[in-house]
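Student: Questions regarding the structure given below will be posed in turn.
The values are calculated or read from the model by the stated rules, or taken from the named source; none is laboratory data. These numbers come from a predicted model, not from an experiment. All Cβ positions, glycine included, derive from the backbone under ideal geometry; neighbour counts span all protein chains shown. What goes into the accessible areas is simple: the full protein's heavy atoms, side chains included, and nothing from ligands, DNA or RNA. Shrake-Rupley method; radii C 1.70, N 1.55, O 1.52, S 1.80 Å.
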Amino acid sequence: MPNSVTEAKIFACNQSKTLAFKIADYFGVPLGNVITSTYSDGEFQPSYEESIRGTRVFIIGSTHPGPENLMEMLLMIDAAKRASARHITAVLPYFGWARQDRKDKPRVPIAAKLVAKMLEAAGATRIITMDLHADQIQGFFEKPVDHLFASTIFLPYLKELNLDNLTIASPDMGGSKRAYAYSKALESDVVICYKQRAKANVISHMELIGDVTGKNVVLVDDMVDTAGTLTKAADLMMEKGALSVRAICTHPILSGDAYKKLDGSKLEELIVTDSIPLKQQNKKIKVLSCAELFADVMHNVHYNKSISSKFIM
C-alpha cells in the first residue's frame, strides 16, 4: 500500500535501558528484545532476537565514556543494517566525546567529528540527540540530525519554583548564548562567570561579571562533569550576596569526586535529566525525565510530522 507507514521498533543499549523503557512506554510500543553475549576477554556481541527487516529501528543509547558505550551503539547499528532494517535512527540522549569539537592545540584529534563519521559508517540514517556541547557539531554529520533542547523540560520546572529576583547565570563565557536564551524566556537578568583553567577539569581563577546581590541565581550548562565549575561558581555567588544558587545541567556525568563537591558546596539544588543514569542518589540532585520529549519527537519523525513545536529556544 503506497500510504502505509513502516513499522517502528525501539531497542536499547545496556547503559540506557531504564530511559529506553520509559520512552517506549510513551511511544506506545514494547521495548525490543536484544541479547548481548560477552566473551571472557570483554568483547561483546549484541543480537536482535526478533525480525527487524523493513522496519524503522530506533536505537537508544548515550555514548558517554568509557568507550564500550559508543562501541555498543556502533555494533547495534551495524547489526540492524545487516538485518535489513529500512531506517536506522541512533537516539543519543547524550552525545559523548563532544568536548573535542575542534583543535584547541596542535596534534590533537577532533573526536566529535570522528564519532559522527563512525555512526554514519556503521549505518545510521538519522541522529536524534539533546543539548550538544556545541551546536555546530550537527555539521559533522551528512545525515539528518534532530538536535533537541532540554529547555522544554527545564523551563516549566523553573516557572513552577516561582523564584523572586531570578537571575540566570552562565558558568563560563562559552555558555553565554544558552544563558541569554533562558533569560529571554524567563524575562530575567544575566550574569556570567569568567574562568581560567590550569588544565582540563582544573580551574585556576574565576571572576563574576554582573551583580547577584539579593538574587536567586540559576546556573545553566549543558553538562556537569567533576562539578568543580558549578560548585566554585555557586560559592562565589553566595559570597557576592546571592540569596540562593541552583544549577541546571542537562547531562549528569558527575565523575571523580563530583558528589562530594556537591555536598560540600553552597549549591542548593542541581537539576538534571536522565540522559545519563546517576551513579548514586543525592539529596541535592533533582532528576527530570527526558523520556516524553524523545518519545514525542521519535513519534513525529516516524510519521513524518513537524517537530518544531519541541524547540522552545
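Student: Determine the calculated [θ] at 222 nm for the chain from helices alone, applying -39500 (n - 2.57) to every DSSP H run no shorter than 4 residues and normalising by the residue count; nearest 500 deg cm²/dmol.
Tutor: Dividing the helical sum by the residues of the chain leaves -9000 deg cm²/dmol.
Student: Suppose each label sits 7 Å from its Cα in the direction of the beta carbon; what would the SER306-TYR39 distance come out to in nanometres?
Tutor: In this crude label model, SER306 to TYR39 measures out at 5.1 nm.
Student: Further, regarding this structure: Amide H to amide H, which residues 5 or more places from TYR194 or on other chains are under 5 Å from it, using H placed in the peptide plane?
Tutor: GLU207, LEU208, ILE209
Student: Read through the labelled values [x] 69, 54, 39; [y] 69, 48, 33; [z] 64, 43, 35 and report the label of the one computed as Cα extents along the principal axes in Å from the structure.
Tutor: Here the calculated entry is [z].
Student: While we're looking at this one, here's another question. With Cβ to Cβ distances under 10 Å as the rule, what net charge do the other residues near GLN136 carry (K, R +1; D, E -1)?
Tutor: -1
Student: Across 5 Å bins from the origin, how do the percents of Cα pairs in the stretch 24-180 run, short distances first?
Tutor: Pairs per bin, as whole percents: 2, 8, 14, 18, 17, 14, 11, 7, 6, 3, 1, 0.
Student: Just flag the GluC sites (Glu not before Pro) in the stretch 1-108 sitting in loop per DSSP whose Cβ has no more than 12 other Cβ atoms within 10 Å.
Tutor: For GluC sites (Glu not before Pro) across the stretch 1-108 that sit outside H, G, I, E and B with at most 12 neighbouring Cβ atoms in 10 Å, the list reads GLU43, GLU49, GLU50.
Student: For the stretch 1-109, which whole percent of the accessible surface, found with a 1.4 angstrom probe, sits on carbon and sulfur atoms?
Tutor: Answer for the stretch 1-109 is 49 percent, counting heavy atoms of protein chains only.
Student: With r defined as the distance between the Cβ atoms of ARG82 and LEU278 and R0 fixed at 41 Å, what FRET efficiency is calculated, to the nearest 0.05?
Tutor: Rounded to the nearest 0.05, the efficiency is 0.75.
Student: Using the crude model of +1 on Lys and Arg Cβ and -1 on Asp and Glu Cβ, and no other charge, please compute the dipole size for the chain relative to its Cα centre, in debye to 20.
Tutor: 520 debye
Student: Take peptides 56-62, 157-163, 221-227, 182-188 and line them up by average Cβ neighbours within 10 Å, highest first, as a rough protection proxy. Spell out each step's value before the answer.
Tutor: On the way: 56-62: 26.6, 157-163: 12.9, 221-227: 22.1, 182-188: 16.3.
Listed from highest to lowest mean packing, they are 56-62, 221-227, 182-188, 157-163.
Student: Okay, next question. Put one equal scatterer on each alpha carbon of the stretch 111-261, apply the Debye formula with no solvent term, and list log10 I(q)/I(0) at q = 0.11 1/Å to two decimals.
Tutor: -0.48
Student: Just the ratio, please: alpha-carbon radius of gyration of the stretch 1-102 over 2.2 N^0.38 Å, N its number of residues.
Tutor: Scaled against compact globular proteins, the figure is 1.12.
Student: For LYS81, go through the lysines and keep the ones whose alpha-carbon is under 18 Å away, minus same-chain ones fewer than eight residues off.
Tutor: Candidates past the 8-residue exclusion: LYS9, LYS117, LYS143.
Student: Still on this structure: Where is the GNM fluctuation largest for the chain (alpha-carbon springs, 10 angstrom cutoff): LYS240, LYS103, LYS232?
Tutor: Maximum among the listed residues: LYS103.
Student: What accessible area per residue comes out for the stretch 87-194, rounded to a whole number of Å², with a 1.4 Å probe? Kindly include the intermediate steps, with their values, before the conclusion.
Tutor: On the way: 4950 Å² over 108 residues.
Per-residue accessible area for the stretch 87-194 comes out at 46 Å².
Student: Considering only protein heavy atoms and a probe of 1.4 Å, how much of the accessible area of the stretch 160-286 is carbon and sulfur, as a whole percent?
Tutor: Accessible surface attributable to carbon and sulfur in the stretch 160-286 totals 46 percent.
Student: Run the dipole for the stretch 163-273 about the Cα centre, Lys and Arg Cβ at +1, Asp and Glu Cβ at -1, nothing else charged, and hand back the magnitude in debye, nearest 20.
Tutor: In debye, rounded to 20, the stretch 163-273 gives about 280.
Student: How large is the accessible surface per residue of the stretch 221-313, computed with a 1.4 Å probe and reported in Å² as a whole number?
Tutor: 42 Å²
Student: Suppose every K and R has +1 on its Cβ and every D and E has -1 on its Cβ; what is the size of the dipole of the stretch 138-184 about the Cα centre, in Debye to the nearest 20?
Tutor: Value, rounded to 20: 100 debye.
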